[in-house]
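Every number here is computed from the coordinates shown, using simple stated rules; none is lab data. Note that the structure is a prediction, hence the values are computed from the model and not measured. Glycine also receives a Cβ, built like all others from the backbone with ideal geometry; neighbour counts cover every protein chain displayed.
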There are 2 protein chains.
Amino acid sequence: TRFERCGSTASSKITAAPMVYVRGEEMTAYVMDLIRSRWIEPRVDVGGWETFDLRAKNRDDTEDRVLRDVIEAGKRIKAIFKEPTVTPTADQVKRLGLRKSWGSPNGAMRRGWNGITISRDTIHIDGVELGYKKPVLFERHAVGGEYSAGYKNVGKGKLTTTFTPSEGPDAGKTVVVDEREIVDEEAAVVTYHNPYDNVHDLARFFFGRCLEAKVTPYVVTKKTVFKWQEPFWQIMRTVFDEEFKAQFVAAGVMKEGEELVHLLSDAATMKLVQWRQGGFGMAAHNYDGDVLTDELAQVHKSPGFITSNLVGVHEDGTLIKEFEASHGTVADMDEARLRGEETSLNPLGMVEGLIGAMNHAADVHNIDRDRTHAFTTKMRTVIHQLFREGKGTRDLCGPSGLTTEQFIDAVAERLDA
Amino acid sequence: TRFERCGSTASSKITAAPMVYVRGEEMTAYVMDLIRSRWIEPRVDVGGWETFDLRAKNRDDTEDRVLRDVIEAGKRIKAIFKEPTVTPTADQVKRLGLRKSWGSPNGAMRRGWNGITISRDTIHIDGVELGYKKPVLFERHAVGGEYSAGYKNVGKGKLTTTFTPSEGPDAGKTVVVDEREIVDEEAAVVTYHNPYDNVHDLARFFFGRCLEAKVTPYVVTKKTVFKWQEPFWQIMRTVFDEEFKAQFVAAGVMKEGEELVHLLSDAATMKLVQWRQGGFGMAAHNYDGDVLTDELAQVHKSPGFITSNLVGVHEDGTLIKEFEASHGTVADMDEARLRGEETSLNPLGMVEGLIGAMNHAADVHNIDRDRTHAFTTKMRTVIHQLFREGKGTRDLCGPSGLTTEQFIDAVAERLDA
């Protein structure tokens, strides 16, 4: 109510630690505006946030300088929240009058922040069953694989791949990695590499999170056939055995004598369907992680209930964390809204991203930590309460659930209680 | 009963067309022996079958000549049934006294028979719900991708991939496909190719099957990011538009003006979870198909209810088809059996393989076709009947279901009725 809100005067507001806030577009931007103005800003002084407009139009107007600015600011500030953005189709390029189709910003962010992993975990609502009963934690190696492959579509001929070490006893001595005749009229040839140096960091981050959540970790590869993936497993296992095994036993997550388990990627697709009870973690290569986390999202009802956090590492060793919803801009719903129709967007995926970013910002900059964590916890608790009471959005509460705006109001009201 | 069986005299037996029968081991070999002796041989003269022993011990004894013989016979005879075989672990190599660990025979079979696709479809039991309500058809491109990659685990240095066309205006002119610095102490470098010439055959086979089953076809790639996969989609779409579109409309599977739909591989993992009603087909690259069909199997209850048929093409243009169950040798159950415990193996996956092979053999050699098809249809019908009546194996009928041997008997009895 008005009286209570006046009670929280500016001076008693929580001070938000510095954070990069990346604005997106369409339905999700509309909802985040409401959340900022109704939930956050009355209670939190967000003067420390640096906001960037990553809408396709602005990327076009700035010739993508805004993306470089986001990356620079992210390096400096280390906590980033990003709203869903549009990667324009040919149609949208035309309609929005863009000079070109600006690609996904993900690659640039991963490189710019020295990405180690994209964490995609199940989101749970206390007392509401989605897919998995207990949490599932997933680490997708943020680099390597076919995403940055060199390739060519070719006809008949000879393909040769060579490697020349620049260090060690064989420095400068070129060896043939692969040589093959292409006998088809039409073929694709592909070369890529998997960098493994940061897998040590990935391992520590993954096992640390599994330990904290008390879930059993699994390492996923196709190493029995794709033999070059062996180091991924070896590094993970070594870090586990040397630094984590005893802790997992002490925490009662694993039994004395139990070993870290490897799963083949194809078997992992089966486990994601089978293990509905949850309570496990998986770490995988980049492409496997891409595919498996989408399966995970669907088994857990929808991409609305999965996090998507890019974790990178600053030169000074601190973690850079970028948080976003794992869904898009929900364009269909935005069109309905613009036609004046009622909508009911569940904002939980974005709110979990915002909570993660605000908490990480408070932690890394050590500014108003306790009050920030208390506020974000309350925000989550209130949302869960409403869903339990059937006063959530219609994706979970059915036709009697609240509209987008009603839900924003209902949460805002309880945040003051 | 004895009287009825005597009624079907040797002279009235069905003549099985020539077929390669590959013997495997453990529980599945035990069950197939029962099926051959109780279901098949009393009713079918299998004198035209050529049987090969592909047990690990025999591969070792023959220095894998037996596998080469299988491939040679398969080329000649074009219809192959294969029981599950063991790919020996280090432990088994020791225990069985093998000279070496003989790898999976799959690669050699795919190359030897000029493999186009591995078809993995859902198996259904009339009146019993497994996972998908209607059939799901899947084609996994049988060649290409990382399975035959060249690779090396390296440190810092320079990786160069070049291609030299052997035909056309640029014949002999070497171009650089990819050049990159490896900056990690530990990395993997990988080169592979996707041959696309046989995708035309894959397309015809896939769309033909979808049309016959009246299911909607989808083509799955990651081509928006892995741009070199574009030809896979283009070939599929061209074959569809030119040869199949009108037929799909005429059959009422698609509407006038509807286009063939492309799915991204990550989205496909979601559709496999969402589309439980079934009634669709997917065709994908080799590795995507590997991963997606395992997910498909699990959503459809287990790998016991998915087919696994390798389709290759002979130089004379006829299709070589190799049929197998998509599960392994069920070693645990074999150990229980050898300890004298009751077991209950559902043989449906293997029987569907045998049915497929016998039908294809009859078709391709045009020997006793109608009676063969009638017999295999009856075998399937009887099995489905028993499951519906709760007289199936315990995986589906619970503890009151039949043992392995009881089920074999029950089917045998009804086959004479």
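Let me know the charge dipole size of the protein assembly as shown about its Cα centre in debye, to the nearest 20, where only the beta-carbon of Lys, Arg (+1) and Asp, Glu (-1) is charged.
On the way: 108 positive and 126 negative charges, 159 e Å.
Computed charge dipole of the protein assembly as shown: roughly 760 debye.
Which one, B:T381, B:T318, B:T162, has the greatest fluctuation when you compute a Gaussian network model over chain B with C-alpha springs under 10 angstrom?
Of B:T381, B:T318, B:T162, the most mobile in the Gaussian network model is B:T162.
Please identify, among B:D363, B:D170, B:D91, the residue showing maximal mean-square fluctuation in a Gaussian network model of chain B using a 10 angstrom Cα cutoff.
B:D170
Rg/Rh for the stretch B:197-266 to two decimals, with Rh computed the Kirkwood way over all alpha-carbon pairs. Each step should come with its number before you reach the end.
On the way: Rg = 12.0 Å, Rh = 12.4 Å.
Rg/Rh for the stretch B:197-266 comes to 0.97.
How large is log10 I(q)/I(0) at q = 0.13, 0.16, 0.21 Å⁻¹ when the Debye formula is applied to the Cα atoms of the stretch B:245-319, each weighted equally and without solvent?
Log10 I(q)/I(0), no solvent term: -0.56, -0.80, -1.07.
Taking the DSSP beta bridges in chain B as the whole, what percent of them are antiparallel, to the nearest 5?
Among the beta bridges of chain B, antiparallel pairing accounts for roughly 50 percent.
Quick check on packing: order B:78-85, A:382-389 by the mean number of other C-beta atoms within 10 Å, highest mean leading.
B:78-85, A:382-389
Measuring label to label, 7 Å along Cα→Cβ, what does A:D170 give against each other copy in nm, shortest first?
Values, ascending and in nm: 3.0.
Compute from the Cα atoms of the stretch B:316-411 the Rg and the Dmax, the latter being the longest Cα-Cα distance, and quote both in angstrom.
15.9, 51
Which order do the peptides A:237-249, B:331-343, B:183-195 take when ranked by the mean count of other beta-carbon atoms within 10 Å per residue, highest first?
Result, highest mean Cβ count within 10 Å first: B:183-195, A:237-249, B:331-343.
Calculate one ³J(HN,Hα) per residue across the stretch B:361-367 by plugging θ = phi - 60° into the Karplus curve 6.51 cos²θ - 1.76 cosθ + 1.60, and present them in order as whole Hz with x for glycine and proline.
4, 4, 5, 6, 9, 6, 10
At A:R65, label 7 Å along Cα→Cβ: distances to the other copies, nm, ascending?
Computed spacing set for this position: 7.7 nm.
So how far, in whole Å, is the C-alpha centre of the stretch B:8-64 from the one of the stretch B:304-378?
Going from one Cα centre to the other spans 11 Å.
Taking amide hydrogens as modeled 1.01 Å from N in the peptide plane, which residues meet the under 5 Å criterion relative to B:T393, leaving out close sequence neighbours?
The list, which skips near neighbours in sequence, is B:L402.
Under the Kirkwood approximation for Rh and a Cα-based Rg, what ratio Rg/Rh is obtained for the stretch B:95-161? Walk me through the intermediate numbers first.
Numbers: Rg = 19.8 Å, Rh = 16.8 Å.
With Rh from the inverse mean 1/r over Cα pairs, Rg/Rh is 1.18.
Against the empirical 2.2 N^0.38 Å scaling, what ratio does the C-alpha Rg of the stretch A:136-221 come to?
Normalised Rg, Cα atoms only: 1.58.
Hey, what D do you get for the stretch A:1-124 in µm²/s if you plug the Kirkwood alpha-carbon radius into Stokes-Einstein at 10 °C and 1.306 mPa s? Mind showing how you got there, number by number?
Working: Rh = 16.4 Å.
So the translational diffusion coefficient is about 97 µm²/s.
What is the Cα convex hull volume of the protein assembly as shown when expressed per residue in Å³?
205
What do you get for Rg/Rh of chain A when both radii come from the Cα atoms and Rh is the Kirkwood radius?
0.99
Using the 7 Å Cα-to-Cβ label point, sort the distances from A:T51 to its equivalents in the other copies shortest first and give them in nm to one decimal.
Ordered by distance, the counterparts are at 7.9 nm.
Considering the options A:F52, A:N106, B:L348, tell which one lies farthest towards the positive end of the dipole of the protein assembly as shown, charges being +1 on Lys and Arg and -1 on Asp and Glu at the Cβ, about the Cα centre.
B:L348
Just for the protein assembly as shown, what percent of DSSP beta bridges are antiparallel, to the closest 5?
Within the protein assembly as shown, antiparallel bridges account for around 55 percent of the total.
Got the relative contact order for the stretch B:27-93 handy, in percent, Cα pairs under 8 Å and 6 or more residues apart?
So the answer I get is 39 percent.
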